[in-house]
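What follows is a single structure, written as structure tokens, with notes after it.
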Amino acid sequence: SERISEETGCWLVLMARHATGPPVIHFSSSRLRRDAKPDATDLVNRFSNLTSALLVAKRDEALQLAKKLDEVEAQKRAADAEISATRETLASQEAEIAAKDALIARYRAQYD
């Protein structure tokens with residue numbers, strides 16, 4: 001990029017920042033630094049601020065998703081406990097019905 005800017009005499013700025021958050025890497029051509037150093041510096045600073053905000057937003061989104069996952073897992077545990085209790089109640093009621101059916105069958109056998 002430096003060679004291109006020197007050969008063409010263009011104003012050139014390259015900036016990059018990886019999404020994992022290392023510092024901004026940037027290149028400003030010598031012509032841009034000579035003609036507009038304060039503006040070039042401001043441009044790099046604005047890019048740094050922008051990418052920092054994006055990193056914070058990414059972390060905030062991940063945090064919100066983690067909180068939501070915790071909530072959903074707690075709801076699932078509560079639902080699983082309710083299902084288990086309902087199954088126990090059902091089994092108890094089925095046993096009670098079976099015992100009453102057996103008692104009815106015994107009385108019928110006595111009076112038939």
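Brief remarks on what is shown
- Contour minus Cα-Cα distance for E94 and D80 (0.36 nm per residue): 3.0 nm
- Springs between Cα atoms under 10 Å define the GNM used for the chain, and in it the highest mean-square fluctuation of L32, L63, L90 occurs at L90.
- Highest mobility in the GNM of the chain, judged by mean-square fluctuation with C-alpha springs under 10 Å and restricted to A36, A91, A78, is found for A91.
- Accessible surface of the chain [probe 1.4 Å, protein heavy atoms]: carbon and sulfur percent: 58
- Separation of alpha-carbon centers, the stretch 69-85 and the stretch 23-57, rounded to whole Å: 49
- Base-10 log of normalised Debye intensity for the chain (one unit scatterer per alpha-carbon) at q = 0.10, 0.22 Å⁻¹: -0.61, -1.12
- Remark: the chain carries 82 Å² of accessible area per residue (probe radius 1.4 Å; ligands, DNA and RNA excluded).
- Principal-axis tilt of helix 30-111 within the chain, Cα atoms, nearest 10 degrees: 0
- The charge dipole of the stretch 31-86, taken about its Cα centre with unit charges on the Cβ atoms of Lys, Arg (+1), Asp and Glu (-1) only, comes to about 580 debye.
- Extreme residue, positive dipole direction of the chain, given options A62, L14, A102 (C-beta unit charges): L14
- Value at 222 nm in deg cm²/dmol, rounded to 500, when DSSP H runs of n ≥ 4 in the chain each add -39,500 (n - 2.57): -29500 deg cm²/dmol
The values are calculated or read from the model by the stated rules, or taken from the named source; none is laboratory data. It should be emphasised that the depicted structure is a prediction, and the values quoted were computed from it without experimental measurement. Methodologically, a virtual Cβ is constructed for each residue, glycine included, from the backbone with ideal geometry; neighbour enumeration extends over all protein chains shown. Remember, those area values only see protein heavy atoms, side chains included, never the ligands or the DNA or RNA. Shrake-Rupley method; radii C 1.70, N 1.55, O 1.52, S 1.80 Å.
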